[in-house]
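Trainee: My questions will all concern the structure given below.
The values are calculated or read from the model by the stated rules, or taken from the named source; none is laboratory data. Just so we're clear, the structure is a prediction, and the values are computed from it rather than from any experiment. Remember, those area values only see protein heavy atoms, side chains included, never the ligands or the DNA or RNA. Shrake-Rupley method; radii C 1.70, N 1.55, O 1.52, S 1.80 Å.
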Amino acid sequence: MAVGEAGRNRVEERVSRIVQQLRASGHRITPQRVAIIRHFVGRTDHPSAEDIHTELLADYPMMALSTVYG
């Protein structure tokens, strides 16, 4: 399963670059924000904010839908 691992590594590299860019722009980096970025970067479709919120709610039960929009 080397291909799967390589794909995960690419996703994590993209997530890391995005987080660095956000931090450099003065944005706060929260665990929820990183989870949203990671969730979105690893997809090939275009999920709605509601879809992302619903899918991450189990791990972040206090996350508001506005967090996904922000």
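Trainee: What shape does the chain take by its C-alpha gyration tensor, where a ≥ b ≥ c are the square roots of the eigenvalues and a/c under 1.5 counts as rounded, a/b above b/c as prolate, and the rest as oblate?
Mentor: Taking the square roots of the gyration eigenvalues as a ≥ b ≥ c, the chain is oblate.
Trainee: Next question, about the same structure. What part of the accessible area of the chain, given as a whole %, is carbon or sulfur when the probe is 1.4 angstrom?
Mentor: With neighbouring chains kept in place, the figure for the chain is 54 percent.
Trainee: Still on this structure, I have one more. Using a 1.4 Å probe, what is the accessible area per residue for the chain, in Å²?
Mentor: 74
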